[in-house]
Amino acid sequence: MSDTQLNKTIFAQRVKRIYDGWANAQGNEDFESIATADALFLVAGDPTSDDEPMRKGSCFQQWLLGYEFPSTLFLFRKDKITILCSANKAKILGQIENAVSTVNVEILARPKSKDVSSDALLKFLTAYTAAQKVGILQKETQSGKLVTEWQALLDAADSKPELIDMTPVISTLMAVKDDDELNATQTAANLTSTLLKYHVAPRLEAILDKETKVSHEMLSAQIETRLGSGEGKDAKGPDMKVWGKGKGLENIDWLSVEFCYPPIIISKSSKSGYDLRYTVESSEDNIAHKGVFLVAFGIRYKSYCTNVGRTFIVDPDREQEENYKLLLALQAHIVAYIKDGVMSREVYQKAADFLKEKKPELEKNFVKNVGFCTGIEFRDAAYLLSPKNSRALRKNMIVNLSLGFTNLTDKGGKIYALNLVDTIRVDESKSQLLTEGIKTDKDTLFFLTAESEEDKKPSKKAPTAPLKNKSPSKKAAAKLVAGKVLRNQRRAVQDEVHQTALARMIDHQRELHENLQTRGLERFSESGGANSGKEGKGWKKFQSYKGEGALPPEVEKLRIVVDRKVQTVVLPVHGFAVPFHINTIKNASKNDEGDFTYLRINFQTPGQLAGKKEDTPFEDPDATFIRSVSYRSPDGHRIDNIMKQINDLKKEANKREQQKKEMADVVEQDNLLEIKGRRPIKLTEAFIRPALDGKRLPGEVEIHQNGVRYQSIGTQKVDVLFSNIKHLFFQPCDHELLVIVHLHLKAPIIIGKKKTFDVQFFREATDVQFDETGNRKRKHRYGDEDEIEMEQQERKRKAMLNKEVKSFAEKVAEAATTSLGETLELDIPFRELSFEGVPFRTSARLQPTTECLIHLTDPPFLVVTLSEIEIASLERVQYGLKQFDLVFIFKEFTKTPLHINSIQATQMDDVKNWLDSVDIPMSEGPVNLNWGPIMKHINENPFEFFQGDGWKFLGGAGGGNSDHSSDSGSESEFAAESDDIVEASSASESDFSDASGSDESGSDFGEGSDSDEGDDWDELERKAAKSDQKKAEAKRATGSDESEDERPKKKKPAASGKANGKVNGKTKSKR
């Protein structure tokens, strides 16, 4: 509550408008009702329910203060404004006490406790009864505890003022919009138009085209979810696929966006009939797929409303088409007529005269009013555009212009209605449309045309784009929308669209693979050998002592000595003390035999099968080496102690070597230049990951001249320079418990005792403070009101937190751009493109951004730069498997490929489309490949690898064809992790496996053949018939050798019984 800020400037301006109108009320028709009033009294009781429209008094509070304050009394007198409210609200309203220079603001606070006596209500009553005439909102009834107490006190008063209705005055004050109100209204109009053009109309068109069974109520709910739905982990934010296409929607405060009323969908199957009122609800009946459809919805932004209504007609007759075109002409005529000073009744009369001239028989069907003024209050009855309203329209009023015909009858005798609604702004010479789009007859009239030639065959080639302005050749009637071909119910036509998209992807992937091959040959020269892109290991010499004098004195006894200081073990050999550095020793072991204990020390030598150590370089591998040395001693305790010392020393040496290798790429940053002359921009109450040592406490993130600094409570701090930031991310808390600013670094830094490439600052969404001013969203909802209120408050808190942290992240990007002279973009993940996978040990939600694929919610973090990826390999892609794996091979071949395992097969198409959209070449295969040996082979000679067709051994792209099927007749060069590909998909030979295993199916790593791409329908039918004939012949000749050769062989299981065995370390390819 303490964070609530009132706009004192706007408050002062609007109070001045109230008092100026009041002072000049005499002779002014808009204000003359309060000309004789001594005071204006406004009562606010308990808030209304979500199902009820906003009261005019609540709208007036929003207009005056920007918030609704329930259980509050306002009294406007000539020289003072008195406000009675609770103590908590008094703290907020205290901001406006001195906001107006000409009028004093007095706030009377009521105590929280009943036991504390207070005369606040009596003081307010005294001020109220001192007036002779008081203006009130007579038609409004309020309820609540404060209202009850006030009414009881007023009934007991000796004198009461005369009451007059000030409703028209309040309407006039709110009807004319200032610049701030006009900006909010324009944004609301942009939102409304965007939703109409990019979701509502296309969605309805798809339903009518496919004849999808969807209820009116369901479509209405689907439209509402474009602003977000769900709570907690299931919460979804605004659908940016829709809103991202709109104009002027870059800096929208989505918390301030809501629907004015639930979207209304009406068709001829609606139980309610064609009702043009905004209080009607969409019915539970399924949408009819023919006839007239009415759609209406309004969007409110920062409390200001805009509204649209449209009519769609499927298979209209000539009269319906003419009536709709008349409605369009009427709207254009009225929009040009409405201007400053025109009376409301004149607008209606102008419309009636137009109809009388053009088509007089429609006068009886014309609506009873043509709209109303709108704003914070959706429907202001004082400015109803009806034949009896004499109030004048003024410049910068916002009008909901609603034109329509009711109770019309079509050729079949069915009742229908037409409706056309837009939001306009009144100007000096004419009005201006604020909402637009999907209005012309070409956009809204759907026609059905029968094809005369029933048996006409489809065209030779499958179309690569939807046909326009002509009818396709089909047996059944085709649905047209304004001359555009829509899909029929036949499955084949839908397949055409899928095949077209698939063909586009295949062509694009083929182009990407060709470019990849060309770049690979250019990147690696012909001389590129084993060291291309990788430095070989060097021989290291270790010196324990500079001379015999440096040996420890214990060696004189010719005993084994472990010198930890110089990391050396001194061994007696033939009467000499011989030092061996610990790095030359592999390990030590002991063995008890009888009364003696044997100590065996093994050394590092060439030719050992030691896995990672097999490529350890030596100065002269052909020299003679001591592989091991053994000692015998009756003192078993001493041997135990020596063995323990040697092994401990070896562990310490290995640990130091590993740490040195890990820290090799750690950079020492320059000093952070602190900002001087002003306080740095801060993000308070933030936590850092990786966490600092000690107790987990929040700290502050500060933006300085050349970097950011995290300062925790105490002396610990972390500096990150802008020059070391590779990527900057902001992840909102819409679907998470954290709101995150994440820095991915070019070179790692040390935090605590570990190096890290990622530094993350975050806040927990549950820790934020919020206000209780009663500024609630109103929406048509079902369920418990308290739970809905809590959900709304939670959503509001998260939106406030997102806004604050995103603003800080943008300032970091701006400061970095200024400091570096090059742009550092703030990247935000696209959650709608995300998918589940296992990049480490646990499942994680991976989210694409403009430049990366990320997982930031939990450590370990994942940030993959898309521009660094050479190729993506989709593995375990088999019919029947519910999951597949994705492997990223990087352009830096020495870098270990990244495995993302166990991605759901249902998301495969989404993953493929995303990879293709960011220009990453991809391949498919039925098994997991062993990438260790593969990358080792590539690194040995990259030029030779690309000369041998490079990545073609992986197979074609998703859904694409494998060009290597004819080249892989022998054993595969790299061993896969599964040997029996056929058995993984089917345990027996079936007709399906026969077809998929034929000569045309390609190799193990591909799907289909090049000849299948772009084939027309006749060619596909011919191939299918040929395949059927081939199978039939094979069945008739099951005993012949020829048929056996043509039929794919079923591989025998391995001796161990495992399906995924290997034969001589390699997988056989099909010939």
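The values are calculated or read from the model by the stated rules, or taken from the named source; none is laboratory data. Only a predicted model underlies this, so the values are computations on that prediction, with no experimental measurement involved. Here the Cβ positions follow ideal geometry from the backbone for every residue, glycine too, while neighbour counts run over all protein chains shown. Heads up: the accessible areas ignore ligands, DNA and RNA and are worked out on the full protein's heavy atoms, side chains in. Shrake-Rupley method; radii C 1.70, N 1.55, O 1.52, S 1.80 Å.
Within the stretch 268-314, report the trypsin sites (Lys or Arg not before Pro) that DSSP leaves as loop and that have at most 12 other Cβ atoms within 10 Å.
LYS271, ARG277
Let me test this: with uniform point scatterers at the alpha carbons of the stretch 5-125, what is the Debye-based log₁₀ I(q)/I(0) at q = 0.19, 0.20 1/Å?
-1.14, -1.24
What ³J(HN,Hα) values, in whole Hz, does the Karplus curve 6.51 cos²θ - 1.76 cosθ + 1.60 give for the stretch 508-522 when θ = phi - 60°, with x put for Gly and Pro?
5, 5, 4, 5, 5, 5, 5, 5, 5, 5, 5, 5, x, 5, 6
Can you give the charge dipole size of the stretch 559-600 about its Cα centre, rounded to the nearest 20 debye, using +1 on the beta carbon of Lys and Arg and -1 on the beta carbon of Asp and Glu?
Result for the stretch 559-600 is approximately 260 debye, rounded to the nearest 20.
Between ARG564 and ALA1025, 0.36 nm times their residue separation minus their Cα-Cα distance comes to what?
Between ARG564 and ALA1025, full extension yields an extra 157.9 nm.
Once amide H atoms are placed 1.01 Å from N in the peptide plane, what residues at a sequence separation of 5 or more from ASN587, or on another chain, have their amide H within under 5 Å of its amide H?
Here the answer is ASN602, since their amide H atoms fall under 5 Å of that of ASN587.
Once the dipole of the stretch 236-307 is set up with Lys and Arg at +1 and Asp and Glu at -1 on Cβ about the Cα centre, which of SER283, SER272, VAL242 lies farthest towards its positive end?
The listed residue farthest towards the positive side: VAL242.
Can you tell which of GLN95, MET174, THR82 lies farthest toward the positive end of the dipole of the stretch 57-179, using +1 and -1 charges on the Cβ of basic and acidic side chains (Lys, Arg; Asp, Glu)?
The Cα lying farthest towards the positive end belongs to GLN95.
May I ask you to compute the full-extension gain from GLN543 to PHE625, defined as 0.36 nm times their residue separation minus their alpha-carbon distance, rounded to one decimal in nm?
Once the chain is fully extended between GLN543 and PHE625, it gains 27.7 nm.
Give me the dipole magnitude in Debye, nearest 20, for the stretch 10-52 about the Cα centre, with unit charges on the beta carbon: positive for Lys and Arg, negative for Asp and Glu.
The calculated dipole for the stretch 10-52 is roughly 420 debye.
I'd like to know which of GLY880, THR894, LEU833 lies farthest towards the positive end of the charge dipole of the stretch 831-895, counting +1 on Cβ of Lys and Arg and -1 on Cβ of Asp and Glu.
Farthest towards the positive end: GLY880.
With +1 on the Cβ of every Lys and Arg and -1 on the Cβ of every Asp and Glu, and nothing else charged, how large is the dipole of the stretch 137-205 about its Cα centre, in debye rounded to the nearest 20?
Rounded to the nearest 20 debye, it is 420 debye.
Restrict the search to the stretch 620-651; then list the trypsin sites (Lys or Arg not before Pro) that DSSP places in a loop and that have at most 15 other Cβ atoms within 10 Å of their Cβ.
Here the sparse-neighbourhood loop sites are ARG627.
Evaluate E = 1/(1 + (r/R0)^6) for ILE675 and ILE828, where r is the Cβ-Cβ distance and R0 equals 25 Å; express this FRET efficiency to the nearest 0.05.
Taking R0 as 25 Å, the efficiency between ILE675 and ILE828 is 0.40.
Rolling a 1.4 Å sphere over the protein heavy atoms, what is the accessible area per residue of the stretch 89-142, to the nearest Å²?
Numbers: 3270 Å² over 54 residues.
Roughly 61 Å² per residue, with all protein chains present.
Please go through the residue pairs LYS89/LYS112; LYS8/LYS811; LYS726/LYS936; LYS755/LYS936 and name each one whose alpha carbons sit more than 22 Å apart in this structure. Intermediate results must be reported in sequence, preceding the final value.
Working: LYS89/LYS112 11 Å; LYS8/LYS811 27 Å; LYS726/LYS936 29 Å; LYS755/LYS936 27 Å.
Pairs exceeding 22 Å: LYS8/LYS811; LYS726/LYS936; LYS755/LYS936.
Percent of accessible area on the stretch 562-602 owned by carbon and sulfur, 1.4 Å probe?
C and S fraction of accessible area: 51 percent.
Give the separation of the Cα centroids, the stretch 846-906 to the stretch 121-147, in Å.
Rounded to whole Å, the Cα centres lie 67 Å apart.
So if we plug the beta-carbon distance of GLU940 and LYS213 into 1/(1 + (r/R0)^6) with R0 = 56 Å, what FRET efficiency do we get, rounded to 0.05?
Details: r = 61 Å, r/R0 = 1.09.
Result of the calculation: an efficiency of 0.35.
Among 324-335, 137-148, what's the highest-first ranking by average C-beta atoms within 10 angstrom per residue?
Averaged packing, sorted descending, gives the order 324-335, 137-148.
Test of understanding: what is the full-extension gain from LEU521 to ARG638, defined as 0.36 nm times their sequence separation minus their Cα-Cα distance?
35.9 nm
Would you mind computing, in nm to one decimal, how far apart the modelled labels at SER229 and LYS133 are, each placed 7 Å from Cα along Cα→Cβ?
Using points 7 Å along Cα→Cβ, the separation is 5.5 nm.
Explain nothing, just compute: Karplus ³J(HN,Hα) = 6.51 cos²θ - 1.76 cosθ + 1.60, θ = phi - 60°, for every residue of the stretch 729-735 in order, whole Hz, x for Gly and Pro.
Here the 3J(HN,Hα) series is 10, 10, 10, x, 9, 4, 10 Hz.
Which of the trypsin sites (Lys or Arg not before Pro) found in the stretch 184-254 are in a DSSP loop and have at most 14 neighbouring Cβ atoms, other than their own, within 10 Å?
LYS213, LYS245, LYS247
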